[in-house]
1. Sort out which residues of segment 175-210 are in a strand (DSSP E or B), surrounded by fewer than 19 Cβ atoms within 10 Å (Cβ to Cβ) and touching a helix residue (DSSP H, G or I) at 6+ places or on another chain (Cβ under 9 Å), and write them in order of number.
2. Can you pull out every residue in segment 79-94 that is under 21 Å from residue 13 (Cα atoms) and at pLDDT 95 or above?
3. I want to confirm something. Restricting to segment 236-260 and keeping residues that are in contact (Cβ under 8 Å) with a residue 60 or more places away in the chain and in a loop (DSSP other than H, G, I, E, B), which single residue is farthest from residue 273 (Cα to Cα)?
4. State whether one or more residues within segment 266-276 are assigned to a loop (DSSP other than H, G, I, E, B), over 26 Å from residue 90 (Cβ atoms), at pLDDT 95 or above and not assigned by TED's automatic domain parsing to the domain that holds residue 118.
5. Could we say that residue 286 is touching a helix residue (DSSP H, G or I) at 6+ places or on another chain (Cβ under 8 Å) and in a helix (DSSP H, G or I) here?
6. Of the residues in segment 104-133, how many are crowded, with 23+ Cβ neighbours inside 10 Å and in a loop (DSSP other than H, G, I, E, B)?
7. From 165, 120, 131, 145, which residue is closer than 24 Å to residue 100 by Cα and touching a residue at least 60 places away in the same chain (Cβ under 8 Å)?
8. Hey, does segment 211-221 have a residue that's over 23 Å from residue 168 (Cα atoms) and assigned to a strand (DSSP E or B)?
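The values are calculated or read from the model by the stated rules, or taken from the named source; none is laboratory data. Treat the numbers as computed from the prediction; the structure is a model and nothing was measured. No Cβ is skipped: glycine too gets one built from the backbone with ideal geometry, and neighbour counts run over all protein chains shown.
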């Protein structure tokens, strides 16, 4: 009877933890888990372990948290584990060539994009924001470049008009683990051969930040609607009204012609708040006011109607800066 593959897993967020769960239920031996150092989180800014670390500790698996894998001592520690394979999912650290060369079967990565379409940190959100019709997970053999390695397997899902960054994330977190298990079996059997990526088709998925989540009403309504979905649940699109910051969690694009300046409130009803854009108009359907909960606009309409008077302009304080 052959010994089970010795696998080192490297990952950090919940997306990675879903993959680790699948590996824990597989016949393979997880000899160690690598994850990012604990980070301060919450109002108290207490150091919090990553979802991957929490799961590993629940299963009494050794957890390594080096700040970098470029240090010789970190590489020696990994080599001492004698892994057959390293599975990397949203780890957050660059793996130098010296690390990629340690496992007998190399390192594989589960990436939340149909490569080479979106390489980089935020492929899920950028796919929605760009209006892509589909997304998926690509399992690839890792190289020193960023998400450039040969593709082993892909799993595809359509992007619907209702999808948010959160809903697409959750769906891809279900697609990725079985694809990784299948890829490992193929590599172990020597039956899986990678397909080289076409670099000319690659786009870089820049990391998200709160500043870009500020709504620019000069943009077309269709672009803003996609951005609002893509940035939910983080960093959440926001704007200002009478000097107060307001978060926008959902919107749609009605067919409406107007001649008002971008950011002008055109109307309000239980269906939503109509706001002019650089092209077309946006109907805001779910909002969060300062200090309040996220609510459908219909819940604001009766109690806060005066706040959303026709002709009031969003973003005036931003334009004045």
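1. 203, 204
2. Scanning segment 79-94 gives 85, 86, 87, 88, 89, 90, 91.
3. Looking at residues that are in contact (Cβ under 8 Å) with a residue 60 or more places away in the chain and in a loop (DSSP other than H, G, I, E, B), I get 243.
4. no
5. no
6. Here the count works out to 3.
7. Sole residue among the options that is closer than 24 Å to residue 100 by Cα and touching a residue at least 60 places away in the same chain (Cβ under 8 Å): 120.
8. yes
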